[in-house]
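Notes for the one structure printed next.
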Amino acid sequence: MIFSDLREFIGFLEDKKELVRIKTAVDPILEVTEITDRISKKGGPALLFEKVKGSEMPLVINLFGSYERMSWALGMEDFNAMPQRFSSLLKGDLDLNIRQKLEALYELYKLSASKPKEVKKAPVQEIVKENNFSLFDYPILKCWPGDGGLFITLPLVITKDPESGKQNMGMYRMQVYDERTTGMHWHTHHDGAVNFRKAAKLGKKLEVAVALGGDPVTIFAATAPLPYGIEELFFAGFLRGKPVEVVKAKTVDLLVPARAEIILEGYVEAGEKRREGPFGDHTGYYSVADDYPVFHVTCITQRKDPIYPTTIVGKPPMEDCYMGKATERLFLPFVKMQLPEIVDMNLPLEGVFHNCALISIKKAYPMHAQKVMNAIWGLGQMMFTKFIFVFDEDVNVQNTSEAAWKAFNNVDPARDIVISEGPLDVLDHSAPRPIFGAKMGIDATKKWPEEGYQREWPAEIHMSEEIKRLVDQRWKEYGLE
């Protein structure tokens with residue numbers, strides 16, 4: 001099922017008994033976080049807080065906080081089937097037959113046909129506030145005790161490349177400074193920051209629109225690691241199977257999701273920065289305060305009865321973990337297209353998606369694992385991966401216990417570890433310098449004589465199939481059930 005907006009998804013979750021309404025008054029300063037964190041850690045439901053102190057609006061959180069809810073959000077029933085949703089779009093084999101090539105072309109046509117559909121009238125513009133408004137009217141959270149202030153945590157930040165005119169939509173946290181300004185925490189590698197630098201070079205303000213809410217696919221699309229120039233609203237339309245409805249913003253030259261709950265319109269100006277942070281981040285640590293651009297809100301449009309969507313991040317597992325795992329599954333075909341020897345990939349929750357990758361390959365030649373490590377470090381946002389473990393194809397990398405067992409037994413530190421240097425995620429606090437440091441590749445594959453291993457590699461222990469079948473047949477006789 002594809003949902004048209006946030007409230008339709010909320011209704012669906014409520015029918016599935018995957019959403020709980022909290023009717024007692026709660027404080028957006030820390031209390032909502034503590035409640036949600038406890039629910040997240042035990043795999044609990046989405047939460048709709050109907051009475052939030054200081055605001056007339058309800059607040060919804062933890063919408064994507066399970067594999068099942070994440071699947072439903074993307075219109076699927078089975079989380080493990082996600083790679084198939086995207087794989088046909090990325091068929092790149094030279095030996096595809098004619099029928100397969102036609103299917104691939106059709107998938108590309110569907111992506112081109114997923115161009116957003118512009119409408120003249122939109123629910124998100126039922127109310128227009130150009131003068132009398134305050135960001136403090138919204139139930140914006142202070143998530144953790146050491147945070148520098150209130151933070152908007154689930155924003156769809158829309159900007160435009162001033163050269164090509166293509167729109168970008170990313171998710172960057174926004175610290176609220178006062179009634180009409182926030183920080184704009186786009187990292188230097190983010191597409192929003194690229195557009196900002198281009199506008200600054202041309203001596204222009206960068207117009208910005210921030211959508212809060214919308215259909216769940218569009219919310220997810222803002223987090224997708226798409227190549228620069230691929231528009232997230234097109235991608236959302238492809239995943240939905242139908243275009244996203246958009247409307248021209250009231251005061252900026254941008255198209256915004258017509259069925260969002262709230263739109264903040266305004267601009268970011270070159271040369272203006274303000275201290276942003278600290279912020280309790282998805283690494284489980286506070287990201288340190290630093291100077292970031294300032295977003296000036298000049299207009300707010302919204303529904304008559306908006307629902308404020310938000311999220312919290314911190315020590316995993318939390319809601320963002322399931323969004324990250326969905327990205328891993330959906331974009332695995334893209335990685336395989338670049339590196340067809342890859343069998344599977346797991347970005348463990350504990351690695352917060354940029355610290356660790358477990359990868360299995362069809363090893364075909366000596367030092368093949370090292371080729372894969374270096375290729376991964378050159379692949380889009382995978383460049384941030386600090387630790388890469390490479391295994392043989394028979395290793396189930398989704399089973400972290402099995403992967404650890406293989407690595408701890410198969411690796412010789414002097415032979416199998418590669419140290420490289422390159423870009424790191426801005427939130428990596430371990431490196432001596434920001435956004436650059438060392439990375440490690442670990443070859444946990446079985447070693448070949450050509451790789452310097454002259455001993456006999458031991459065989460793994462396995463019971464014979466005959467005995468396993470015998471025990472299966474006699475299991476009830478043993479009285480163990």
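The values are calculated or read from the model by the stated rules, or taken from the named source; none is laboratory data. Computed from a prediction, not measured in an experiment: that's the story for all the values here. In this analysis, Cβ positions are derived from the backbone assuming ideal geometry, glycine residues included, and neighbour counts consider all displayed protein chains.
So is Glu393 charged (D, E, K, R), touching a residue at least 40 places away in the same chain (Cβ under 8 Å) and either surrounded by fewer than 16 Cβ atoms within 10 Å (Cβ to Cβ) or not assigned by TED's automatic domain parsing to the domain that holds Ala236 (or both) or not?
When the stated conditions are applied, Glu393 passes them.
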- prompt: For residues in the range 228-255 being within 23 Å of Val268 (Cα to Cα) and within 20 Å of the chain's Cα centre (by Cα), which is surrounded by the fewest Cβ atoms within 10 Å (Cβ to Cβ)?
  reply: Gly229
- request: Mind checking which strands (runs of 3 or more DSSP E) fall wholly inside the range 118-221 and carry at least 1 residues that are surrounded by 21 or more Cβ atoms within 10 Å (Cβ to Cβ) and either at pLDDT 95 or above or over 18 Å from the mean Cα position of the chain (by Cα) (or both)?
  value: 150-152, 155-160, 167-170, 174-176, 181-183, 206-212
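Let's see how each residue does on (1) over 20 Å from Glu341 (Cβ atoms); (2) at pLDDT below 95; (3) surrounded by fewer than 15 Cβ atoms within 10 Å (Cβ to Cβ):
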{"site": "Gln370", "(1), (2), (3)": "no, no, no"}
{"site": "Gln381", "(1), (2), (3)": "yes, yes, no"}
{"site": "Asp416", "(1), (2), (3)": "no, no, no"}
{"site": "Glu451", "(1), (2), (3)": "no, yes, no"}
{"site": "Gln454", "(1), (2), (3)": "yes, yes, yes"}
{"site": "Pro458", "(1), (2), (3)": "yes, yes, yes"}
task: Examine the range 463-473 for a residue that is closer than 27 Å to Lys363 by Cα, among the acidic types (Asp, Glu), surrounded by 11 or more Cβ atoms within 10 Å (Cβ to Cβ) and over 24 Å from the mean Cα position of the chain (by Cα), and state whether such a residue exists.
output: no
- prompt: Which one is farthest from the chain's Cα centre (by Cα), of the residues in the range 348-365 that are modelled with pLDDT of 95 or more and not in a strand (DSSP E or B)?
  reply: Tyr365
In the range 406-442, the residues that are of a type in the set (Asp, Glu) and closer than 21 Å to Val352 by Cα: Glu421, Asp425, Asp428
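In the range 397-407, is there at least one residue being hydrophobic (A, V, I, L, M, F, W, C), part of a loop (DSSP other than H, G, I, E, B), at pLDDT 95 or above and within 28 Å of Val313 (Cβ to Cβ)?
Checked the range 397-407: at least one residue is hydrophobic (A, V, I, L, M, F, W, C), part of a loop (DSSP other than H, G, I, E, B), at pLDDT 95 or above and within 28 Å of Val313 (Cβ to Cβ).
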- request: Could you please find all residues in the range 312-344 being closer than 23 Å to Asp78 by Cβ and small (Gly, Ala, Ser)?
  value: Gly324, Ala326
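Listed residues Cys299, Cys321; which is of a type outside the set (Asp, Glu), crowded, with 18+ Cβ neighbours inside 10 Å and either out of contact with any strand residue (DSSP E or B) (no Cβ under 7 Å at 6 or more places or on another chain) or without any contact (Cβ under 8 Å) to a residue 40 or more places away in the chain (or both)?
Details: Cys299 fails: either out of contact with any strand residue (DSSP E or B) (no Cβ under 7 Å at 6 or more places or on another chain) or without any contact (Cβ under 8 Å) to a residue 40 or more places away in the chain (or both).
Going through Cys299, Cys321 in turn, the sole match is Cys321.
I'd like the full set of residues that are of a type in the set (Gly, Ala, Ser) and more than 18 Å from Gly65 (Cα to Cα), limited to the range 1-27.
Residues satisfying the conditions are Ser4, Ala25.
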- request: Could you tell me which numbered condition Glu272 fails, if it satisfies all but one of (1) in contact (Cβ under 8 Å) with a residue 24 or more places away in the chain; (2) more than 25 Å from Pro225 (Cα to Cα)?
  value: (1)
query: Taking the range 383-396 as the region of interest, how many residues are of a type in the set (A, V, I, L, M), modelled with pLDDT of 95 or more and out of contact with any Lys or Arg (no Cβ under 8 Å at 6 or more places or on another chain)?
result: 1
- request: Quick one: Ala459 ticks every box in (1) assigned by TED's automatic domain parsing to the domain that holds Lys362; (2) among the hydrophobic types (A, V, I, L, M, F, W, C); (3) part of a loop (DSSP other than H, G, I, E, B) except a single one, so which number is it?
  value: (1)
